[in-house]
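*Asks:* Here it is, the structure in full.
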Amino acid sequence: MGCIGRRICINMQENIKILSIGSDRKLFEDNSAVSRRIIEYGTLVEELHIVVFALGSLGLKEKQIASNVWIYPTNSSSRWFYVHDAVRLGRNIVPERKFVRGRSLITTQDPFESGLVGTKIKGKWRLPLEVQLHTDPFSPYFSGFLNSLRKRIARRVLRQADSVRVVTESLKSRITQFTSADISVLPIYVEKEKFENAQISFDLRARFGWRFILLTVSRLSPEKNLGLVLEILARVRKRFFDTGLVIVGSGPEEKSLKAQVKSLKLEESVEFVGWQDNLASYYKTANVFIQTSLFEGYGLSLVEAGLSGLPVITTPVGIAEELEHGKDAYIYPTTRPDLFVAGVEDLIENNQKRENLRTNLKHTLENKLLSKEDYLNEMKVNWQETAKKISV
């Protein structure tokens, strides 16, 4: 097979060894989506070793999940020992598996705790470091004591990185001042056909009885700003009483959000359905997807909704920063709930505008997203180029 430009023939495996640092414990679940994805990444390299932050109380064991892919839990006594235990494991794996400079690298899933581990192992063995960035740690909304500490760690880690991989162009532009490393943009891989061709098993309007349904799919956490969605709904219902909201997700804000629902007298128009594995019926039978996040690294739920043919109203965060207001989506700042209300009402009253947004967004996303082959090719190119950045 021939290769052109940055494309690499992914069936021609090169002798690259990778040490990855992360926290996704679903890797230890047989045949989980995460483990299947990681096994696929393993086809790009000679060996892939993944250290995973995990408490010893979980009882996880070191495991080989493919012929050349191994996962290692830190089995820490407390989360405060994750970094120490991951560094210890990583420093042992590198010599035991004979990582060779020029054909090996470290990659971390974030510039925070995982990134700190990566810098410490890099310092010991002088292997190049790739840092992945899926959120914006320098957003003013990335706040709180722990996140303030993470910002400081991120600045240190990004200064020591040899390459940085981000999910959007806008995120790339915001971190250039914090690193001299090469920055590549690789959007999160989304299997387009999975959402475009998904089958519907129920209709939200039949299930809940509302004429017009807003949908949000999100972790229920402060940065998702879901209280704003409830305020918007309360105001929209003054004109359009048959409007309801379905909230898919779980998280620490659930109790306070339910209290807000009660205070706004929205008990009959809001449904919390928890987290759902199959979202097709939600995406395909709601009327509008609404996202009010203060910040997003990417915005996977928005992409899934758009591919499913659902019109979108959103704040200008993540991939929404690359969309055109009025053409691909309605995009408003968090400080203007009145614009959100007007946007929802406009789409309630105008079927053609909903259809235009739906069609345009789907087309835009299809052009932006990579095929699986291209995605894997880009990932392998990044690894190959990073592996050559030998520290002195």
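*Asks:* Regarding segment 155-265, what's the average projected area of the Cα-atom convex hull, expressed in nm²? Can you show the working numbers first?
*Replies:* Numbers: hull surface 42.3 nm².
Quarter of the Cα hull surface area: 10.6 nm².
*Asks:* Now, a different point. 5 Å is the cut-off here: which amide hydrogens, built 1.01 Å from N in the peptide plane, fall below it relative to residue 55, excluding neighbours closer than 5 in sequence?
*Replies:* Residues meeting the criterion, in which the H sits 1.01 Å from N, are 76.
*Asks:* Rounded, prolate or oblate for segment 282-374? Axes are the square roots of the Cα gyration tensor eigenvalues, ordered a ≥ b ≥ c, and the cut-off for rounded is a/c under 1.5.
*Replies:* Cα axes put segment 282-374 in the oblate bin.
*Asks:* While we're here: I want to check the label-to-label distance for residue 205 and residue 143. Put each point 7 Å from Cα in the C-beta direction and report it in nm to one decimal.
*Replies:* Spacing of the two 7 Å Cα→Cβ label points: 4.0 nm.
*Asks:* With θ set to phi - 60°, apply the Karplus curve 6.51 cos²θ - 1.76 cosθ + 1.60 along segment 213-223 and write out the HN-Hα couplings as whole Hz, x wherever there is a Gly or Pro.
*Replies:* 10, 8, 10, 10, 10, 6, 5, 8, 10, x, 5
*Asks:* Same structure again: Expressed as a whole percent, how much of the Cα-Cα distance distribution for segment 1-155 exceeds 24 Å?
*Replies:* Percent of Cα pairs beyond 24 Å in segment 1-155: 37.
*Asks:* Still on this structure: With each label point set 7 Å from Cα along the Cα-Cβ vector, what nm distance links residue 193 and residue 156?
*Replies:* Spacing of the two 7 Å Cα→Cβ label points: 4.7 nm.
*Asks:* Write down the Å³ per residue value for the convex hull defined by the alpha carbon atoms of segment 114-207. Please list the in-between numbers first.
*Replies:* Details: hull volume 16.4 nm³, N = 94.
Measuring per residue, one finds 175 Å³ for the Cα hull of segment 114-207.
*Asks:* Can you put 217, 246 in order of Cβ neighbours within 10 angstrom, beginning with the fewest?
*Replies:* 246, 217
*Asks:* I want to check the label-to-label distance for residue 335 and residue 67. Put each point 7 Å from Cα in the C-beta direction and report it in nm to one decimal.
*Replies:* About 5.9 nm, to one decimal.
*Asks:* Would you mind getting me the FRET efficiency between residue 275 and residue 176? Use the beta-carbon distance for r and R0 = 41 Å, nearest 0.05.
*Replies:* Once the sixth-power term is evaluated, E becomes 0.70.
*Asks:* At q = 0.16, 0.20 Å⁻¹, work out log10 I(q)/I(0) for segment 17-88 with the Debye formula, treating every Cα as an identical point scatterer and leaving solvent out; two decimals please.
*Replies:* Listed by q, the Debye log ratios stand at -0.51, -0.77.
*Asks:* State the antiparallel share, in %, of DSSP beta bridges confined to the chain, rounding to the nearest 5.
*Replies:* 5 percent
*Asks:* Report the calculated FRET efficiency for residue 351 and residue 36 (r = Cβ-Cβ distance, R0 = 56 Å), to the nearest 0.05.
*Replies:* Working from the Cβ atoms, E equals 0.90.
*Asks:* Which entries in 122/172; 192/353; 63/172; 224/262; 122/380; 265/362 show an alpha-carbon gap greater than 25 Å? Don't skip to the answer; put the middle values down first.
*Replies:* Working: 122/172 23 Å; 192/353 23 Å; 63/172 35 Å; 224/262 20 Å; 122/380 20 Å; 265/362 35 Å.
Too far apart for the 25 Å limit: 63/172; 265/362.
*Asks:* D for segment 193-368, whole µm²/s, Stokes-Einstein with Kirkwood Rh over alpha-carbon pairs at 37 °C and 0.692 mPa s: what number?
*Replies:* Working: Rh = 15.9 Å.
Using the Kirkwood radius from Cα pairs, D works out to 206 µm²/s.
*Asks:* Rounded to the nearest angstrom and ordered from largest down, what semi-axes does the equivalent ellipsoid of the chain get from its C-alpha gyration tensor (root of 5λ)? Walk me through the numbers before you get to the answer.
*Replies:* Working: eigenvalues 316, 102, 79 Å².
Working from the Cα gyration tensor, I get semi-axes of 40, 23, 20 Å.
*Asks:* Per DSSP helix of 4 or more residues, -39500 (n - 2.57); summed, then divided by the residues of the chain. What does that give at 222 nm, rounded to the nearest 500?
*Replies:* Details: 14 runs with 153 residues, N = 392.
The helix-only estimate for the chain comes to -12000 deg cm²/dmol at 222 nm.
*Asks:* Right, here's the next one. Tell me, what is the FRET efficiency for residue 239 and residue 126 to the nearest 0.05, using R0 = 41 angstrom and their Cβ-Cβ distance as r? Spell out each step's value before the answer.
*Replies:* Numbers: r = 64 Å, r/R0 = 1.57.
Efficiency, from the Cβ-Cβ distance: 0.05.
The numbers here are math on the coordinates, done by the rules we state, and not lab data. Predicted model only: the values in this text are computed from it and were never measured. Glycine also receives a Cβ, built like all others from the backbone with ideal geometry; neighbour counts cover every protein chain displayed.
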